[in-house]
Amino acid sequence: MPAVRYGHGPAPAARRPARSGSGNRSPHRPTYRRSVRRLTVLYDAQCSLCVHLRHWLSRQPQLVPLDLVPAASQEARRRFPDLDHGATLGEITVVGDGGQVYRSTNAFIVCLWALAEHRPKANWLATPAGAPFARVTMLAAAKYRELTAAPCDGACEAPAPGD
């Protein structure tokens with residue numbers, strides 16, 4: 001699936017050799033990217049849409065196992081100490097077992113890519129033809145969150161580590 005590493009570029013591919021810049025003078029020694037074997041989906045546990053989607057994801061047949069962890073939780077902080085946990089509350093974030101970080105539309109696509117019944121759709125959404133549909137879907141979800149979310153009054157901030 002042509003998803004994105006750190007928000008840009010092609011997805012990690014199993015056994016895709018890197019190109020050698022030395023031409024024919026030295027033997028080609030391919031290096032391989034690590035394929036994604038597990039994904040962690042960080043979702044806003046205070047958002048009804050996010051919780052609904054978390055339950056939906058957990059019921060789907062998965063080609064790549066998904067760990068569903070509340071964003072900015074102690075568990076999320078333990079697993080990913082260098083991640084901006086405040087930002088994970090504002091947009092869906094998915095972390096691959098090789099350290100790949102997918103955000104927003106790319107996170108949505110990689111979640112679908114992990115599901116047996118939705119991988120073909122994810123592959124299409126990652127193309128130039130499908131990208132506008134993925135973007136509109138994320139904009140609609142953001143608008144829904146905005147219209148249905150309870151007022152924060154400062155409570156939507158990421159808790160301090162250890163809280």
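Annotations
- Available extension along the chain between Arg79 and Arg119 is 11.8 nm, counting 0.36 nm per residue and deducting the alpha carbon span.
- The phi-based Karplus calculation (6.51 cos²θ - 1.76 cosθ + 1.60; θ = phi - 60°) puts the 3J(HN,Hα) values of region 115-120 at 9, 4, 7, 10, 4, x Hz, whole numbers, x for Gly and Pro.
- Annotation: Cα Rg of region 39-128 relative to the compact-globule expectation 2.2 N^0.38 Å equals 1.02.
- Residues of region 62-78 with an amide N closer than 15 Å to a point placed 7 Å from the Cα of Arg145 along the Cα-to-Cβ direction: 69-73.
- With a cut-off of 14 Å between beta carbons, the residues surrounding Val69 carry a summed charge of +1, where Lys and Arg count +1 and Asp and Glu -1.
- Close amide-amide hydrogen proximity is noted between Gln62 and Ala116, each under 5 Å apart and 5 or more residues distant or on a separate chain (H modeled in the peptide plane; Pro and chain starts excluded).
- One chain, two ends: Ser48 and Phe133. Fully extended at 0.36 nm per residue, the span grows by 28.3 nm beyond their Cα-Cα distance.
Bear in mind these aren't lab numbers, they're just calculated from the coordinates by the rules spelled out. Given the structure is predicted, the values throughout are model-derived calculations rather than measurements. Quick reminder, even Gly has a Cβ in these numbers, built from the backbone with ideal geometry, and neighbours come from all protein chains shown.
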